[in-house]
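Participant: My structure is below; once you've seen it, I'll send some questions.
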DNA sequence: CTGGATCCCTATCGATACTG
DNA sequence: CAGTATCGATAGGGATCCAG
């Protein structure tokens, strides 16, 4: 937005950088399963199969898809240990840990209010 | 999850009530435009047309859809003033204000980290 | 075990036109 | 002003099968 916009309308357009970042984060973790996956990894599940087992109803395919998104977004680190067979581990990145911490108040919000409808 | 699940696996399944509430909230506000609309109303835009003007790229149709969802979720209150023509106003409910406050750390998170990729 | 590839159905969303 | 109706394109996501 421009200053003249605000002067004209009395409120700012909602497209400032900070807001765009927050909304894009929400649109990422708001996707189906993303929240649960982040939570699961945050709680200590590191293996692919562990995560599938931890998040109720999550399929192999969607986990693969979401992990790629989350990894691409810098929220999760993927490491491959050269065992036989290889051991793949997923962990929260510093960024991912920070995000989870930033989501804590939202969890408290969830505790405060009954789901409506 | 059950206690035996946890004892068997070493980590909990992610389906506790608190988590479900938080993820459903994220899936609601993570929908396209929802975040911006909430922000806009939080910043003082109350009229339908004001909100459209405030959120860049938002169409009439999507605003109508999202407002219905947010109203249904108890986040926004819709009031009709019996003027001619009628004046419809949207405001954050107490719940909506609490949600926005709970989302504040996420905005700060957005300030801390550059968008990746 | 960790995924990739494919099929296919549905939900979502943008554009446009129309109404009380 | 504040929406609704309809259409078409596309993205999301479940099921299943396959592979390193």
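Participant: Run residue A:74 past the list (1) farther than 24 Å from residue B:100 by Cα; (2) within 16 Å of DNA strand C (Cβ to nearest atom); (3) surrounded by 14 or more Cβ atoms within 10 Å (Cβ to Cβ) and report the number of the one that doesn't hold.
Facilitator: (2)
Participant: Filter region B:36-61 down to the residues that are at the interface with chain A (Cβ under 8 Å from one of its Cβ atoms) and either assigned to a loop (DSSP other than H, G, I, E, B) or touching a residue at least 24 places away in the same chain (Cβ under 8 Å) (or both) and list them by number. Write out each step before concluding.
Facilitator: So the first thing to find is which residues in region B:36-61 are at the interface with chain A (Cβ under 8 Å from one of its Cβ atoms), and the list is B:36, B:39-40, B:43-45, B:50, B:53-56.
Listed by number, the residues that qualify are B:39, B:43, B:44, B:45, B:55, B:56.
Participant: Suppose the filter is within 9 Å of DNA strand D (Cβ to nearest atom), at negative phi and out of contact with any strand residue (DSSP E or B) (no Cβ under 8 Å at 6 or more places or on another chain); does residue B:50 pass it? Don't jump to the end; show me each part of the working.
Facilitator: Working: within 9 Å of DNA strand D (Cβ to nearest atom): yes; at negative phi: yes; out of contact with any strand residue (DSSP E or B) (no Cβ under 8 Å at 6 or more places or on another chain): yes.
Considered against the rule, which asks whether it is within 9 Å of DNA strand D (Cβ to nearest atom), at negative phi and out of contact with any strand residue (DSSP E or B) (no Cβ under 8 Å at 6 or more places or on another chain), residue B:50 comes out as yes.
Participant: Sticking with this structure for a sec: Go through region B:34-46 and count every residue that is more than 15 Å from residue B:72 (Cα to Cα) and within 9 Å of the chain's Cα centre (by Cα).
Facilitator: Let us first name the residues in region B:34-46 that are more than 15 Å from residue B:72 (Cα to Cα), namely B:35-36, B:39-46.
After this cut, where a residue has to be within 9 Å of the chain's Cα centre (by Cα) as well, the list is B:35-36, B:39.
Number of matching residues: 3.
Participant: To continue, here is another question. Can you tell which of A:99, A:7, A:39, A:70 is under 17 Å from residue B:26 (Cα atoms) and modelled with pLDDT under 95?
Facilitator: Going through A:99, A:7, A:39, A:70 in turn, the sole match is A:39.
Participant: Quick check: anything in region A:86-107 assigned to a helix (DSSP H, G or I), in contact with a helix residue (DSSP H, G or I) (Cβ under 7 Å, 6 or more places away or on another chain) and under 17 Å from residue B:13 (Cβ atoms)?
Facilitator: Taking every residue of region A:86-107 in turn, at least one turns out to be assigned to a helix (DSSP H, G or I), in contact with a helix residue (DSSP H, G or I) (Cβ under 7 Å, 6 or more places away or on another chain) and under 17 Å from residue B:13 (Cβ atoms).
Participant: Now, a different point. Name the residue, out of B:83, B:79, that is assigned to a loop (DSSP other than H, G, I, E, B) and surrounded by fewer than 19 Cβ atoms within 10 Å (Cβ to Cβ). Step through it out loud before you land on a result.
Facilitator: Numbers: B:79 fails: assigned to a loop (DSSP other than H, G, I, E, B).
So the residue among B:83, B:79 that is assigned to a loop (DSSP other than H, G, I, E, B) and surrounded by fewer than 19 Cβ atoms within 10 Å (Cβ to Cβ) is B:83.
The values are calculated or read from the model by the stated rules, or taken from the named source; none is laboratory data. Note that this is a predicted model, so its numbers are computed, not measured. Glycine gets a Cβ as well: all are built from the backbone with ideal geometry, and neighbour counts include every protein chain shown.
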